[in-house]
Amino acid sequence: MSDFAARAAGWLSAHAPTDGSAELADAKRFQAELYDAGFAGITWPTQYGGQGLSMTEQLTFSGIAQKYDLPTYPFIIGMGMCGPTLLDLGTDEQKTRYIKPLLRGEEIWCQLFSEPGAGSDVASLQARAVRDGDDWVLNGQKVWTTNAQFRRFRCGAGAYGCRQAPKHSGLTMFVVDMHAPGVNVRPLRVMMTGTRRSTRFSSRTYTFPVMR
Ligand SMILES: Cc1cc2nc3c(=O)[nH]c(=O)nc-3n(C[C@H](O)[C@H](O)[C@H](O)COP(=O)(O)OP(=O)(O)OC[C@H]3O[C@@H](n4cnc5c(N)ncnc54)[C@H](O)[C@@H]3O)c2cc1C
């Protein structure tokens, strides 16, 4: 067993929750511990807060972690979509600002593409972004936003900055603070039961390596 595997196995057996479900505060505490122990963002670049290790270490960790039911569900959109997109397309300033708090579970991300009239055909979305000095003013409605109730930031917030452009080329992706004035989040209720989605997490491990 490699030193990394031995370290991962030892850490998980000592720290992994055993009861299989956690409240958000517990999930955030566990994610911070996972990060501080060097097991979050394993293949992500060190200059932005990742561990800078290889896919071998990532797969080793994922293999060992599969034995546990880690409360990582709140972070899947950030780890799986928003973070890798920021690493690929973000500015140095954005990566320096957002990646480490994302990996450490201090800030939770959600992704806002879908709209009531735009799902598979996301390019038919109606959200608009209008430049106002150094700012952009976004107007629109999004739906089906996984984890929107826990979020600090959202990525994707697809909106047309330039409506004159052909359908698939006027889209812009924004990082938006979901705590900003004017952002309202309402729960989707299950049609049959009227219930909202549970806030207790019981999820299989999700780890998202950055493919280089
Ligand atoms: C549990 C869950 C979580 C989600 N989380 C998020 C999230 O975090 N962020 C987000 O932005 N969205 C999220 N979504 C929304 C998801 O991305 C959309 O449901 C998906 O894109 C499909 O869009 P729609 O539901 O509007 O269905 P539609 O696009 O209306 O599709 C309805 C049916 O028509 C079929 N169809 C559509 N277009 C065509 C075509 N051209 N040719 C043939 N068949 C077609 C589809 O396959 C489907 O069977 C989530 C959805 C679910 C169910």
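The values are calculated or read from the model by the stated rules, or taken from the named source; none is laboratory data. Values in this document were obtained by computation on a predicted structure and should not be read as measured data. Please note: Cβ atoms are built from the backbone with ideal geometry, for glycine as well, and neighbour counts cover all protein chains shown. All accessible areas refer to the heavy atoms of the entire protein, side chains included, with ligands and DNA or RNA removed. Shrake-Rupley method; radii C 1.70, N 1.55, O 1.52, S 1.80 Å.
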* Asked: In the stretch 50-75, what count of residues is obtained for those that are open to solvent by 30 Å² or more (accessible area, probe 1.4 Å) and of a type outside the set (F, W, Y)?
  -> 13
* Since I108 meets every condition but one in (1) over 24 Å from P187 (Cα atoms); (2) in contact (Cβ under 8 Å) with a residue 40 or more places away in the chain; (3) of a type in the set (V, I, T), which condition does it not meet? -> (1)
* Asked: Given the structure, is A129 open to solvent by less than 10 Å² (accessible area, probe 1.4 Å), over 30 Å from A14 (Cβ atoms) and touching a residue at least 24 places away in the same chain (Cβ under 8 Å)?
  -> yes
* **Single residue of the stretch 105-126 satisfying the filter (near the ligand (Cβ under 10 Å from one of its atoms) and small (G, A, S)) that is least open to solvent (accessible area, probe 1.4 Å)** => A118
* Can you name the residue in the stretch 23-40 that is farther than 17 Å from G78 by Cβ and in contact (Cβ under 8 Å) with a residue 40 or more places away in the chain and is also most open to solvent (accessible area, probe 1.4 Å) among such residues? -> D36
* Mind checking which residues of the stretch 5-22 are under 19 Å from I76 (Cβ atoms) and modelled with pLDDT of 95 or more? -> L12
* Structure fact -> Over the stretch 132-144, the set of residues under 19 Å from V183 (Cβ atoms) and away from the ligand (no atom under 16 Å from the Cβ) is D132, D135, W136, V137, N139
* Which one of these is modelled with pLDDT under 95, closer than 26 Å to Q31 by Cα, aliphatic (A, V, I, L, M) and out of contact with any helix residue (DSSP H, G or I) (no Cβ under 7 Å at 6 or more places or on another chain): A159, A148, A129, A123? -> A148
